Amino acid sequence: MNHGRGPDNGGYRSTMQRGLINHLDLTVSDLERSTVFYESLLTHLGYRRSSEYGGGVPNWVVRAGPVSLSIGLHRARASTPHDRYAPGLHHVAFHAASRADVEAAHELVKRIGGVVLDPPAEYDYTPGYYAVFFADPDGLKLEVVHEPRFDQESA
Ligand SMILES: [Zn+2]
């Protein structure tokens with residue numbers, strides 16, 4: 001790993017963690033309806049609406065240390081319903097800060113008319129894995145999860 005300045009980047013090195021997802025853009029059948037849904041969900045999760053990206057697509061960004069992710073929406077040009085068992089995206093999971101944070105997301109999803117697929121529960125994927133699963137207005141499966149393995153030691 002090269003921690004120094006390299007000739008291939010003008011002498012600068014990105015502060016972002018290499019390999020992490022930079023942005024995720026979703027195609028939606030009703031841009032206005034999904035903008036309302038994602039505005040509520042993503043601002044709840046700590047994203048802010050952004051105009052950093054061109055093209056006029058709704059876009060939200062979260063940044064923390066060496067991690068930055070933006071999520072954008074695009075208007076569908078076909079009416080094929082989303083099928084997570086067809087080739088493509090199966091589901092997207094967001095980190096939560098705690099179990100209470102997962103439960104708060106569950107309450108929010110119910111308030112904004114999201115479809116709860118599986119209410120908050122513990123799963124055995126990793127020790128203490130606690131998640132809620134729900135669908136966006138097009139049926140795209142989303143998840144908000146707390147995993148204790150990512151918790152910081154409290155001093
Ligand atoms: Zn998952």
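The values are calculated or read from the model by the stated rules, or taken from the named source; none is laboratory data. Note that the coordinates shown come from a computational prediction; the quantities given were computed from them, not determined experimentally. Heads up, the Cβs are rebuilt from the backbone with ideal geometry, glycines too, and the neighbour counts pull from every protein chain shown.
Can V92 be described as of a type in the set (V, I, T) and in contact with a helix residue (DSSP H, G or I) (Cβ under 9 Å, 6 or more places away or on another chain)?
Considered against the rule, which asks whether it is of a type in the set (V, I, T) and in contact with a helix residue (DSSP H, G or I) (Cβ under 9 Å, 6 or more places away or on another chain), V92 comes out as no.
Please specify each residue of region 76-98 satisfying the condition of being more than 14 Å from E143 (Cβ to Cβ) and either acidic (D, E) or surrounded by 13 or more Cβ atoms within 10 Å (Cβ to Cβ) (or both).
A76, H82, D83, A97
Being among the acidic types (D, E) and exposed (fewer than 14 other Cβ atoms within 10 Å of the Cβ) narrows it down to one of E147, E122, E143, so name that one.
Answer to the check: E122.
Just the residues that are more than 9 Å from the ligand (Cβ to nearest atom) and free of Cβ contacts under 8 Å to residues at least 40 places away in the same chain, please, taken from region 130-141.
Passing the criteria: Y130, V132, F134, A135.
For G88, which of the numbered conditions (1) of a type outside the set (S, T, N, Q); (2) modelled with pLDDT under 95; (3) away from the ligand (no atom under 16 Å from the Cβ) fails to hold?
(3)
How about region 80-103: which of its residues are among the hydrophobic types (A, V, I, L, M, F, W, C) and in contact with a strand residue (DSSP E or B) (Cβ under 9 Å, 6 or more places away or on another chain)?
L89, V92, A93, F94, A96, A97, A100, V102
Take F150 and tell me if it is under 27 Å from T27 (Cα atoms), more than 11 Å from the ligand (Cβ to nearest atom), of a type in the set (F, W, Y) and not assigned by TED's automatic domain parsing to the domain that holds D25.
So F150 fails the test.
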